[in-house]
Each structure stands twice: as structure tokens, then as C-alpha cells.
Amino acid sequence: MKPEEIEALKEKAFKEFSEAKNLTDLESLRVKYLGKKGEITQALKSLKNLSLEEKRIFGSKINELKELLEELYQERKRVLLLEEEDREKGIDPTLPGRRPDRGALHPLTLVIEEICEIFTRLGFEIVTGPEVESDYYNFTALNIPEWHPARDMQATFYLKNGALLRTHTSPMQIRAMLEKTPPLRIIAPGKVYRCDADVRHSPMFHQVEGLMIDEKTSFSDLKGILSFFAREIFGEKTRVRFRPSYFPFTEPSVEMDISCVICEGKGCRVCSQTGWLEILGAGMVHPEVLKAVNYDTTKWQGFAFGLGVERIAMIKYEIDDIRLFFDNHLYFLESFK
Amino acid sequence: MRVPISWLSEFIELKKSSEEIAEILTLSGHEVEEVFDPYKKLGDLISVKILEVLSPEDLKEVVLCRVTDGKETFSVLTTAKDQVKPGLILALAKPGSLTFSHQKVEVKEIKKYRSEGMFLSPFEAGISEIKDALLVFPEDTPLGKSIYEILNIKEPVLEIAITPNRGDLLSIYGVARELNLICGWELKPLSFEESLLKGEPFEGEIKILEEEGCFRYIGRLFKGVKISESPFFILKRLFLCGLRPINNIVDITNYVLLELGQPLHAFDWEKISGKKILIRRAHLGEKLLMLDGVERTFTEEDLVIADSEKALVLAGIMGGEDSGVTENTQNIFLESAWFNPKWIRLSGKRHRLTTESSYRFERKVDPEGVLFGALRATELILKITEPSEISQIVDVYSRPFKSPLIEITSQKINKILGFKIEKSFIEATLKKLGKLQTEGDTFKLRPHSFRQDLEIPEDLVEEIARLYGYDRIPATFPVAELKAKASRLELQLERKIREILKGFGLFEVITYSFINPETLQKLNLSERDERLKVIELENPISSHLSVMRTSLIPGLLEVAKFNSAREVEDLSIFEVGKVFFPDTELASEFTHLAILLKGEKKLLPWEGYKRKYDLFDLKGILEELFSALSLEVEMRPYSQELFLKKGFSYDLYLSGIKIGFAGAMKNYVLESLDLKKPLFVAEIDLSKIYTLYSEVKRTYTIQKPPKFPSTFRDISFIIDKEVPYGEILSYIKGLEIPYFEKMELIALYEGPPIPEDKKSITLRFWFRSEERTLFDDEVNALQDEIAKKIFAHFKAKPR
Ligand SMILES: [Zn+2]
């Protein structure tokens, strides 16, 4: 074999290998060139008539070629094998997948968890208490004696055994202060009850009560903590506004509004064109309340707040009817997956 | 509280628009809920043009006018025959609207003629006192427009939510005074001519017999008054404030109440026996037919105004029907008093009665304003009813009011507010609130008599902060100890359960804590069942929500019903909430978990996987839940619950204590509730779990990758149908099998060719050694041995 013949063989083989369309073609090429009777073997055999020196030169060239072709074969085989799989006819990949089951928590649970998470980050401890309360814890200890007109603000459900359903989570202030020694920071989520029902009122709803008592927590701190809370739960852009208000168990008292999340303060139906939404009531704990739990009013001071969970959920999720929460229709619940 | 801007501006120079004033009040703690125009609230009062006037023969007193509002034409019947003629533009109240005198306009039909509205006189339009002529507009007046727009009449009224501590703001003058405090706008002082106090000697006698109930009582007699309709300016202001006129005397008392916040009462003097006015406790059982037509029976806790014989008025709340002013009254006795707010409040609550008067007395009226009220009413009575004779003012005021002396330092103010507020501001503010003495950093304030909300130093702090502006107070973060406890285990457990069940594809629901007792009845509980001993509500909003729940199941069933009525038959839900049982005090509250599965399980229906929920879906959820909580709960077959199908139910036990149940609801119960079968429920008393949960050591058994392979062998056998799988399982657990790793039930078959009373079971046993690979022979030997034992024990046959 002449050098140019080896070169021609190489060129031909290269061309044929790279043009092999499928594994069958490739296999016959392998047999044709690299098989026992293949052209390479034939070429090696043809060397026997040459001189030793020529044998060495041509032999190594042919062996080189053999190795190259084997590599080429493997490479081509890899490509064709991969291509072959792609040619497999697939199933209809647009069919729906087999989803694992996934339920959802109730939106009110989601909001309560979020509120509690924010305050536990600030070192508040979560506490809970009874929903059936006494007049004393629900009213009297909170500086709302029997003759107080503020009782009109909370239409109360009474039970036949003389107890009542708590109208707010504020009795938890009293219970927590009696149970613990100051300083204290607590947050108390739970169900509360008032006897009215319409699009905006439900006879049962949820509140979260907060209380922070130590030797120097001030009205400015109340503003700081609650503004922080508003931005955490409604977003960084939220603006807050504090208005004087009245609760018998706080003095000074305050209500906090946030800039309307729907219209960003421009005025819309949800915020009655004011640009503001009322979110919570708060204030510095009234000395009469501290006295009711035997705290030294010259030493301890602090703030309390109460917020309506449904109200926050309605604003956050843009829900316009409070009854949706308690109808528990699956479509509504699925919105919170 | 309604405050017409036009009335308010009589007392204070308003330097801002009504919207701005609303904003100022809101930001000062008096939330203005609405700024509205009562005229616009009347409805469609519009201009119309008469097209033609018809006088059908069968109509006598009225004529029929065809009118147009510029778009449509319709007919109106009117008695004002002489005033209507084609081309005239009149004011028309359309059906559905109200007139100034609170008349509701409706579509009327006389014989076959329809009248769609009513032509208005200036009086019925609320514009002037003219009643006997129709309101006529100039020829070029546009049609179909609001008559108030045409006449450019605007009467903005503020609806203010006054907090219960600020009774002093329940009047026009009170709001003016507050605006003066906030904005410094000039306030017209209340002043009366000295001569108004004087008059003839009072021919009767006033005696306060219960000084705790009545602190001050002013009376005056007017003789020869002319009772009639009030003048237009009074009617208009009552209208703007939403009060109905009665007669001039009663209207004057209401007018003064609105203007100054002092409730007044007028008696027919001739109905007062013995010319005596006694302020006393009611006698037990004393009765009075009151102005609302209801006869009430009093107790000794009620305060009444009485004559020498009987109670005339429930003091400060409502008068009796007999002693009231009627059109025949000639001589009236006027009362202006100051009653104990607590007495009024408790009396009103006892008799479920709130009036404009009692509402103000409860919230503390101004003791000094009692006289102003009497004098203001005198002015108006003199002017309007032209009495022939008036008595002098009789003022019974044995213990004059003195406001408390409140002491506060600037240090205390700064400590509560958390920043330093200028002393000059404190001083200037306090000065406006009453009589102030300043000694260094200490302020001593005796508040004005009308500011009875100011009692303690903290009240002054609020006033200072409020007038400083809450928005100007800095927002800071407290410096506090870095210490907080983890939430209680109960809460952690509840949270974990919620998350796990959510992961299983269940949806959390929240239902009312009060339920319908009928749903509970339908569960067919035995008579002695504790769950029937419900706590009842004294004042439920409906019978459907009238008892406190003792189980979460009724609530979940209601959710299933609600969904079923609205397209959703397939449901997998749970609730975590409290149930309530009677206790000596309050109630025993326990937290329960309940689960409900109903209808079809969500699989892949297009692949042919579609099936209804069955018992093992519920069991699997519970098994996996308890496993995740590391609680070894035993599910004992055949629940005792009467509403569950016995053969498809369990009672759940933890450490020998029953903690709940699970199973299929009986069809009988489901049918009575209009629910489709199958429906599975479970309920668990979590409070019984808490204690044991806290004791569980939540450690894990660590398993490493195997060093040597495992081998399995199957054993198939035919056994009596009656033998429960659980029995086979516990028998095998009792065997000591060498190299045993685990066992699984891989096949269960009933039916031909297996005899009818038998079933075929295949169990797969896995064997593994930690030291070596097991030999086939030894595993075969194990298989034979186990099989023999099972066959022998259960009289089973190999298959
Ligand atoms: Zn808005």
C-alpha cells in the first residue's frame, strides 16, 4: 500500500463514518473497515511483502488510522444513540401531571400566623385564653364598669349560665398580667364574639391583642412598633396615620390608619374616598387596668393594641364580604393554596 | 351626631370648608363618618314642565297633568287645580322620594288614573314656610334637574362619631367649642340677659328627695302658651339633624338639646297633682304608661319625677303619656336637670330604652349648662309661644359641682409620651382646658365643668398629645430585654397538625363556635351523651346559632351541606377549634381536631383512576398524622359512636384513654342532613394529647444503608373470612423469627375459586442479616416454619 492510498482510505472512511445515518449503517461501516476482513485488516495484511523498514512506517500509519477510525466509530455511535432516543415517539406531554395532594390553611389562620410571626420576631410571646369569659375580665377589670356607655360599643352575647362570650381579646391583657410578672411582651390571637351580622360584621371574628409593659415603654414606642408592623404586613410603601381615639382601658388612646392599599391613598370605594383604612386601636395601658392587676403604676407603663384579623385579611386579599370566611366554600379555600 | 355646618357657623367663625373641618375633627379624635346633604338624601326632587292639564269627568277634586322632565313624560294628579297650567315649571317629588315633612311619595292610582309623583310647595321642598302655593320656577329653568341644584341650596351636615367619653360634644355648641380648642377660631360665648332669670314667684314646689340620683334641678312655669306648629327655622334645623317635629314646645326642647346638649322636659302643668315636683326613687312595682305607648314597671333603682300622687317621668329618659304637652296644653312646666349618669345608664339598660336625653345624661352633661339650657329654652318659648305669664327660675342645686384638681409634672408627660415636649406648649394647652396653676414643673388643673372626661393625669397627657398632633410625635423603637419564650406546646402542636394535614391535601375551615342544636340532635346521640349538655346562648342572633358547640362535627357537616348546594360534592377538610362544656364557672374549653372526607378522591380521572373516598383514606391520614407526631394511637375497630357505621369505624385510644373516633357516617344520619354518602369523619380531643405529646421524646431511630442484601419469601394461604387481618398481624408480631426485617400484606382476595366463607392472603416476609448474605436454604427453612405456624394457628390452608 502506498502512502497516498492510505490517505485516500482515511478520507473515504472518514466521509462514510460521518455520513452514517443510523446504527445499522454504522455497524456495516465498522465491519467494512474495522472487521476481521475489513479494509484495515486487509491493508495490514498487504504489508507482508514490504521491507522491514517500510513495514514499520506503513504499519504504524495504518494502526494510527485504525485507532482514529475506532474513535470515530465510537463518537458517531454516541451521537446516533442519542439521536435515536429523540426519534422515539413521545406521549402527549400537554396532558395534566399527577399532582401530589396539597391543601390550604384558612386565610384567617394565614393572617394570624403572619401577625404572630412579626411580633415574635420582636420578642413577643404568644399566649391564649378562654373564649367564654366573665363580666369581670371582659369589662370591669378593663375599666368598663356596668354603667359605662362604652359597653354600647360591644354588643355582647350572654350565656344562660351567666358568663359571656368575650367581645374582644383584651381580657387576655388582664389574664397575662396576673399570670406573669413585668416586664412582659405578649401577643394573644383568638376568636371574639359580638351579636351583629351583616356584610361587614360577623357574630364571630378574630382579634390579636398585644401588650408590652416595662418601666419606660412610651407612646413614641407604640408608634414605632405599630408603624413597623404595618409596613411588615402591608409592604414597605405603606404609610401610617395615628388618630386620637377612646378606649376605656387605654389613655392616651389611638387608632392607626394605613394608606389605602387599593388606591395607594388616592381615594377609592374601599377607603370611602379618604385614602386611609382603619387597622387597629391602641393606647397606653390605663392606670385603672394596672391597678386591677396590682401593678405599681408609678413604676410600670406600656402600651396595648388590638387588631381585627378579618379586617386585615379583607384588605390584604381584597375580600369584600366577611361571610366568605365562615361559609368555607371550597373555591374560596382553594384561593389560598 | 349630626352637625349642620350652617348651625355650627352661628357659634364659631369657620375658616375652612366642610370637608376640611371633617378632616380636622377626624384627626382630633372625632371621626367624621360622612359629610352629606339631607336635602339630597330626600331622593329625586326635580323640575318638570306641565304639558297639558286634563280634567276628566270622573275626577272631581283633582286634575291630571301631563308633565315632562325633559326626557320622559308622565302624569301627576294634583289638588292644586287653580295653580297648574300648561307651560309652568314646577318642583316634583318622584315616587320613592321623601318630602321635607317626612312624607313618602308613592305611585298613586285614582280610578284608572296614575299619579307618578307629587308637586311640591316651598314648604314641602323645605325652602320656606309657604304651604299654600306650589313652588314655581322661571320659564328658562332646565328640566329634570334637582331643585336644590337649581336653587343653589347646600346644607352640608357632618355625621360625627362621638366617643363615649366626650358627652360634651353631643351638641352644636359643644362641637364649636371643640373647634375653638383645636383651631383657635373665634367662639361666640354663651350669654343671656339677666332679666331672663326673673319672673313671677313659682306657685308650685320642687323637691329633690334622692340627691344621689339628681344633682341639680331647674324648673320654670309658663302660662298661657300657644301650642302650634314650630316656625320654619326650627323645623328646618330639626330636619337637618334628623328629628321629627311634634309641636312648638316639644320642638323647642329638642332644639335646645341639639344646640346646647342639655336635655329638657316639658310637662302639662295642669296634669301635675298638688303642684309638686318630686325627684325620688320609684316605688317597687310603680307603673307608668310612657310616651312610646309602653307601660313600664319600675324598681326602687329607677329615678322618677313625680307629683304628689304618681310618677310622671322616668327621669332623664322618657316622659309619661299623660303629663306630656298636647295641643290643648295652656300652662307648661319646663325642666332642665342634671341626673347621675350611672343611674340613667342602668335604668335605661333595665328598661331597654335609649333616648336622645338618656344618651346625653349617660355621657355626662355640663352641670353649669343646666341653667343655660333653661334660659335658651325660655328665650325661644317667649318668642315663639307668646306666654301670658312666666315664673322665676327655680334652681335646686344643693351640692354645686366642683371639678377634680389634677396634678401632673412635665417629667411624667415626657415619660409617657417618650419625648420632651416644650413646657410652654404644655402650659398653653392646659390653660385652655380649665383653671391652671403652674409651680415650676408641676401643673395643677381644674378642668372646665363641661370637660368631665378629664379626671386623671393621663387624661391630660392625651389632651396635650392630641393638641400637639399625634403625627408630630416621633416613632421610636423601645429598648427592652432580649428575652422571649417559645410559644406553648399546645400552639406548636396545633400548628404542626395544620401543616401536616395541609400537606395531605386537606383544606382548613373555620366554623362558628355556636351551632344549630338540631344538627346535633340529628347525630342520634344517646340521651346520656355529654355532648347534649350544651351551653345555651341567652341572646343568639338566630336559632341556627344558639348553642355552644360540644363537637366540631356539626360545623363540618354544615360546611359539607353548604358546598354540596354549590357545586362541590368532593371535599376533604379539617378544623382545629374549641368545644365548650358547662362548668361551675365560665366553661370547660377543649381544643378539638375534626376531619371530614366526602365524595371522590382527586386522582387522575383521564387515566381511569377515579374512586370514592373509603375508610382507609381516613385511616391512612390518621396513621400518618400520629406517626408524624410520634404518638402511638391505637385505632380500635368498632366505634361506640351511634352516628358511625359500626363495621366501618374506630375509637381512638392513646395510652388507654379514649381520645376520639373515626369512621363512616351512617346513611340514616346523612339522609336526615340531605348529604350524599359516603362521608367519613374523625374527631380528636387534642387537649388529651397535649400531656402525652409533651412526654414523647422526639428522637429518631437512625437507619444506615444495608451492608448485605435482603431476601424475601411470600406465603399464601386460605383462611376463614371472619379472621381480621389485625389478628394475623399481631400473631406474627408475637413470633420470634430470626433475621426477620419486615412484613407486608401484598394480596387479599375473596371470590371464586376460593370458597365463600374463606379469603386468600399473601404475605411477603423480608429477611436480612447484618453480618452476611443469607443462604437460600436457611431462608426457605424460615419460610416453611412461619407458614406452618400460621396454618396451624389459624387453621389455614396453603394456596
Ligand atoms: Zn382607597
Could you work out, residue by residue across A:150-156, how many beta carbons of other chains sit within 10 Å of that residue's beta carbon, and then give the average as an integer?
-> 3
Counting only C-alpha contacts under 8 Å and six or more residues apart, can you give the relative contact order of chain B as a whole percent?
-> 8 percent
What spacing in nm lies between the two simple spin-label points modelled at residue A:237 and residue B:136, each 7 Å away from Cα in the Cβ direction?
-> 6.0 nm
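Assigning unit charges at the beta carbon (Lys, Arg +1; Asp, Glu -1) and nothing else, what dipole magnitude in debye, to the nearest 20, does chain B show about its Cα centre? Before the final figure, lay out the partial values.
On the way: 112 positive and 127 negative charges, 367 e Å.
In debye, rounded to 20, chain B gives about 1760.
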Give the residues of the stretch B:216-253 whose amide nitrogen is closer than 15 Å to a point set 7 Å from the Cα of residue B:395 in the direction of its Cβ.
-> B:216-220
Considering the dipole of the stretch B:680-731 built from charges on the beta carbon (Lys and Arg +1, Asp and Glu -1) around the Cα centre, which of B:726, B:693, B:703 is farthest to its positive end?
-> B:703
Charge dipole of the stretch B:1-53 built from unit charges on the beta carbon (Lys, Arg +1; Asp, Glu -1), centred at mean Cα; most positive-end Cα among B:25, B:46, B:12 is B:46
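On average, how many beta carbons from a partner chain sit within 10 Å of the beta carbon of a residue in B:160-170?
Values: counts 0, 1, 1, 9, 10, 8, 1, 1, 0, 0, 0.
So the per-residue partner count for this stretch is 3.
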Given a cut-off of under 8 Å on Cα pairs at least six residues apart, what relative contact order in percent is computed for the stretch A:163-221?
-> 38 percent
Just the accessible area for residue B:102, please: 1.4 Å probe, Å², rounded to the nearest 10?
-> 50 Å²
How big a patch of accessible area, both sides summed and in Å² to the nearest 100, lies buried between A and B at a 1.4 Å probe?
-> 7900 Å²
Accessible-area composition of the protein assembly as shown, carbon plus sulfur, in percent [1.4 Å probe] | 50 percent
Using unit Cβ charges (K, R positive; D, E negative) and no other charged atoms, how large, in debye to the nearest 20, is the dipole of the protein assembly as shown about its Cα centre?
-> 2580 debye
With a point put 7 Å past each Cα toward its Cβ, work out how far residue A:28 is from residue B:432 in nm, to one decimal.
-> 10.6 nm
The Rg/Rh figure for the stretch A:107-336, Cα atoms and Kirkwood Rh, to two decimals is 0.95
Can you tell me the Rg and Dmax of chain B, counting just the alpha carbons, in angstroms?
-> 41.2, 130
Roughly how big is the stretch B:205-278's charge dipole about its Cα centre, with Cβ charges of +1 (Lys, Arg) and -1 (Asp, Glu), in debye to the nearest 20?
-> 260 debye
Measure nothing but the geometry: give the 0 to 90° angle between the long axis through the Cα atoms of A:52-86 and the longest principal axis through the Cα atoms of chain A, rounded to 10°.
-> 40 degrees
Would you mind computing, in nm to one decimal, how far apart the modelled labels at residue A:291 and residue B:58 are, each placed 7 Å from Cα along Cα→Cβ?
-> 7.9 nm
At 20 °C and 1.002 mPa s, the Stokes-Einstein diffusion coefficient in µm²/s for the protein assembly as shown, with hydrodynamic radius from the Kirkwood sum on alpha carbon pairs, is 57 µm²/s
Residue B:407-residue B:108 FRET efficiency (beta carbon distance; Förster radius 60 Å; 0.05 resolution) | 0.30
Helix B:423-433 sits off the longest principal axis of the Cα atoms of chain B, rounded to the nearest 10 on a 0 to 90 degree scale, by 60 degrees
Calculated FRET value between residue B:79 and residue B:10, using beta carbons and R₀ = 35 Å, to 0.05 | 0.40
Mean residue ellipticity at 222 nm from the helices of the protein assembly as shown, using -39,500 (n - 2.57) per DSSP H segment of n ≥ 4 over the full residue count, to the nearest 500 deg cm²/dmol?
-> -9000 deg cm²/dmol
Sorted from largest down, what three extents in whole angstroms do the Cα atoms of the stretch B:296-424 have along their principal axes?
-> 65, 38, 26
Among beta bridges that DSSP assigns inside chain A, antiparallel share in %, nearest 5 = 95 percent
Taking amide hydrogens as modeled 1.01 Å from N in the peptide plane, which residues meet the under 5 Å criterion relative to residue B:214, leaving out close sequence neighbours?
-> B:340
Estimated FRET transfer efficiency when R0 is 30 angstrom, pair residue A:12-residue A:89 (beta carbons, to 0.05) | 0.25
Sparse-neighbourhood loop sites, trypsin sites (Lys or Arg not before Pro) in the stretch B:379-421 - DSSP loop, at most 12 other Cβ within 10 angstrom | B:402, B:420
For the protein assembly as shown, with +1 on Lys and Arg beta carbons and -1 on Asp and Glu, the positive-most of B:381, B:56, B:3 along the dipole = B:3
Averaged over the residues of B:484-497, the number of partner chain Cβ atoms within 10 Å of each residue's own Cβ comes to 3
Taking a probe of 1.4 Å, how large is the accessible area per residue of the protein assembly as shown, in Å²?
-> 48 Å²
Give me the angle, in degrees from 0 to 90, between the Cα long axis of helix B:615-628 and the longest principal axis of the Cα atoms of chain B, rounded to the nearest 10.
-> 90 degrees
In the full protein assembly as shown, how much of residue B:441 is accessible to a 1.4 Å probe, in Å² to the nearest 10?
-> 70 Å²
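The values are calculated or read from the model by the stated rules, or taken from the named source; none is laboratory data. Quick caveat, the model's predicted, so the values are computed rather than measured. Neighbour counts run over all protein chains shown; Cβ positions are idealised from the backbone, glycine included. Protein only, heavy atoms only, side chains kept; ligands, DNA and RNA dropped before computing areas. Shrake-Rupley method; radii C 1.70, N 1.55, O 1.52, S 1.80 Å.
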